[in-house]
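Everything below concerns the one structure shown next.
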Amino acid sequence: MTNALPQDTLVAVVGAGAMGAGIAQVAAVAGHRVLLLDNRPQAAEAAIEGLRAQLEKLAAKGKMTAEAAQAAGQRLQAAAQLSDLGAAALVIEAIVESLPAKQSLFAELETLVSTECIFGSNTSSISITAIGSALKHPQRLAGLHFFNPAPVMALVEVVSGLATDAQVAEMLFATATAWGKTAVHAKSTPGFIVNRVARPYYAEALRLRTEGAGDCATLDAVMRESGGFRMGPFELMDMIGLDVNFAVTRSVWNAYFNDPRYLPSLIQQDLVDAGYLGKKSGRGYYDYRAGAVKPAPQTEPAHARPARIVVCGEAPAAQALATRLQSAEVSFERAASTDGRIAQADAAVLFVTDGRSATQRAAEGGIANTVLIDLALDYKQATRVALAAAGQCSESAFAATCAVLQAAGLQVTRLADVPGMAVMRTVAMLANEAADAVYQGVCTPRAADDAMRLGVNYPRGPLAWADQVGLADIQQVLRHLNACYGEDRYRISPLIQRQVYQGKSIHG
């Protein structure tokens, strides 16, 4: 087992912006003497002053002792020039996202440091192989991708380029772990793990918006209150910055030779072209200017309870509905389910979406009053669910279904009848992308799940989520999406197909 970098070794960080300063804090708190360098006059000194103040605040809040905060602050020093870093055992760059700039920095560092010195790049998207191609000893270089803010976020992606020595990657993995982080190994491919696997969270939301499934506030509410995501995709893009999010999407799309799975959105391009970049510009998908009111999500008004409620089968959604109705002291009957239905409300029949539109399912199943319910992270704990009605469905039948769910204590949102609805198609595509990353040797299933939980705060790793829903069900959703749209975007990962054929989950 490879050991972590000893505490008595010097760590250097180049770049004193938010990421570089945060990484320097992590290393100093872990016990290393840290040199921080920036090419802007006094930037490193100012960053260290801010870090010491931050450490004092952490001590005041009881997050660390006053002695530990003072000691960590004293271990931080500003470097005046690159030659000051000659004694470093590890140099981490956190400079501008420019391949030539990174190559130039590391090439110059090679002439100043020992041959044992390890190089780590905090790049979020640039190829580690490409950066290393400018070095005489590219085996010493690996990606060491922290997430912002580095002292708070638990994840570090350790990224191996084509020339990266396996022992270097293992040492960085052990070091990140010793620094209190959860490290994951990744191969240097476009987007690594997080920025690649996260693409469907934004892409499917933008596709749903393009197709008129719902407005931004409605789709965000469904993803938060039913899907369990901390932020909806549109509010998250506004926080990140539409220009940044769009640039990452374009970068991944271009890097994969315009693979349609990563196709950028015209909606987002229009907003970026207009200068509507999100919170930082005052307008994005939402209006943040003074006096602006954030729109409320579409929520169905109260509907009259139907005369007869039947909960059908033992699927998780059916069991949760029965539990909720029982808790609310609402009378209902129980019945078996032979066609996947989870409930009946007078003439309406409720199914969990399987990737088909409600209209298609009604036609193929011969049930005009078909209503679909979207996936929820936990139907027992959700506060909102989304429904979609078939074009053949009567309004009274749809209202009866709404009333049942409202009686169960849920807010109900009506989405336009698009294939796969919102949460289901997003989770299916996240799992599909993660499965392809595993299949292509980018990472392990556990690393994919850890990366998405800890790097972007997903409520569950996408592969574990797929296993919980049922991998065969996820495959069916993807198959129906692919059949409906006829696009390579919805092709099914060979790993998912293989595991389904074997009757296995991704993790087992």
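No lab work stands behind these numbers, since they all come straight from the coordinates. Here the structure is a predicted model, which is why all the values come from computation and not from measurement. FYI the Cβ positions are ideal-geometry reconstructions off the backbone, even for glycines, and counts take in every protein chain you see.
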field: Table column - 3J(HN,Hα) (Hz), the range 467-480, Karplus curve with 6.51, -1.76, 1.60, x for Gly and Pro
entry: 4, 5, 5, x, 4, 5, 5, 4, 4, 5, 4, 5, 4, 5
Check: the chain dipole with +1 on Lys, Arg Cβ and -1 on Asp, Glu Cβ, in debye: 440
task: Find which of LEU263, PRO200, LEU36 sits farthest along the positive direction of the dipole of the chain, computed with +1 on the beta-carbon of Lys and Arg, -1 on that of Asp and Glu, about the Cα centre.
output: PRO200
Bridge type composition, the range 309-414 - antiparallel percent by DSSP, nearest 5: 50
field: Cα long-axis angle, helix 242-255 against the chain (0 to 90 degrees, to the nearest 10)
entry: 80
message: Per residue of the range 357-369, what does 6.51 cos²θ - 1.76 cosθ + 1.60 with θ = phi - 60° give for ³J(HN,Hα)? Whole Hz please, x for Gly and Pro, Karplus curve as stated.
response: 6, 4, 5, 5, 5, 4, 5, 6, x, x, 10, 4, 8
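With contacts defined as alpha carbon pairs under 8 Å and 6 or more residues apart, what's the relative contact order of the chain in percent? All intermediate terms of the calculation are to be shown ahead of the outcome.
On the way: 1036 pairs, mean separation 60.3, N = 508.
Reported relative contact order: 12 percent.
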Helix 43-60 axis, angle to the chain major axis (alpha carbon atoms, nearest 10°): 60
- prompt: VAL352's amide H: which non-local residues (gap 5+, or another chain) put their own amide H closer than 5 Å, with H modeled 1.01 Å from N in plane and none for Pro or chain starts?
  reply: ILE342, ILE373
statement: Subtracting the Cα-Cα distance of ALA80 and LEU112 from 0.36 nm times their residue separation yields 10.1 nm
- request: Among LEU375, GLY120, GLY50, pick out the residue whose Cα is farthest towards the positive end of the charge dipole of the chain, where Lys and Arg carry +1 and Asp and Glu carry -1 on C-beta, about the Cα centre.
  value: LEU375
message: Could you tell me how far the Cα centroid of the range 366-419 sits from the Cα centroid of the range 428-448, in Å?
response: 31
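So what is the calculated 222 nm ellipticity per residue for the chain, using -39500 (n - 2.57) for each DSSP H run with n of 4 or more, over all residues, to the nearest 500 deg cm²/dmol?
Details: 20 runs with 219 residues, N = 508.
Value at 222 nm, helices only: -13000 deg cm²/dmol.
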- request: Calculate one ³J(HN,Hα) per residue across the range 105-114 by plugging θ = phi - 60° into the Karplus curve 6.51 cos²θ - 1.76 cosθ + 1.60, and present them in order as whole Hz with x for glycine and proline.
  value: 4, 5, 5, 6, 4, 4, 7, 10, 9, 6
message: For LYS181, give me every one of the aspartates and glutamates with a C-alpha distance below 17 angstrom, ignoring sequence neighbours fewer than eight places off in its own chain.
response: GLU157, GLU170, ASP449, ASP450
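Give me the percent relative contact order of the range 20-137, please, defined on Cα pairs under 8 angstrom at least 6 residues apart. Display every interim value, and only then the final one.
On the way: 133 pairs, mean separation 28.9, N = 118.
So the answer I get is 25 percent.
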message: Viscosity 0.692 mPa s, temperature 37 °C: give me the Stokes-Einstein translational D for the range 297-388 in µm²/s, with Rh taken as the Kirkwood radius over C-alpha pairs.
response: 238
- prompt: Dipole magnitude of the range 423-502 about its Cα centre, charges +1 at Lys/Arg Cβ and -1 at Asp/Glu Cβ only, in debye to the nearest 20?
  reply: 60
query: Put +1 on the Cβ of every Lys and Arg and -1 on every Asp and Glu Cβ in the chain; which of PRO6, ALA328, MET424 then has its Cα farthest towards the positive end of the dipole?
result: ALA328
- line: Hits in the range 255-277: amide N under 15 Å from the 7 Å Cα→Cβ extension of ARG289, namely 274-277
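Could you give the size of the charge dipole of the range 309-414 about its Cα centre, using +1 on the Cβ of each K and R and -1 on the Cβ of each D and E, expressed in debye and rounded to the nearest 20? Could you put the intermediate results ahead of the total?
Working: 8 positive and 10 negative charges, 35 e Å.
Here the size comes out at about 160 debye.
How much FRET efficiency would the formula 1/(1 + (r/R0)^6) give for ARG334 and ALA307, where r is the Cβ-Cβ distance and R0 is 25 Å, rounded to 0.05?
On the way: r = 17 Å, r/R0 = 0.67.
The pair ARG334/ALA307 has a calculated efficiency of 0.90.
What FRET efficiency, computed as 1/(1 + (r/R0)^6) with R0 = 25 Å and r the Cβ-Cβ distance, is obtained for LYS63 and MET1, rounded to the nearest 0.05? All intermediate terms of the calculation are to be shown ahead of the outcome.
Values: r = 30 Å, r/R0 = 1.21.
After rounding to 0.05, the efficiency reads 0.25.
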- prompt: Taking the alpha-carbon centroid of each part, what is the distance from the range 248-327 to the range 14-84 in angstrom?
  reply: 39
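What is the chain by shape, rounded, prolate or oblate, if you read a ≥ b ≥ c off the alpha carbon gyration tensor as root eigenvalues and call it rounded for a/c under 1.5, prolate for a/b larger than b/c, and oblate otherwise? Could you put the intermediate results ahead of the total?
Working: a/c = 2.26, a/b = 2.03, b/c = 1.11.
Here the chain falls in the prolate category.
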- line: Surpassing 29 Å at the alpha-carbon level, of the pairs LYS61/LYS380; LYS102/LYS280; LYS63/LYS102; LYS187/LYS380; LYS57/LYS280; LYS187/LYS504, are LYS61/LYS380; LYS63/LYS102; LYS187/LYS380
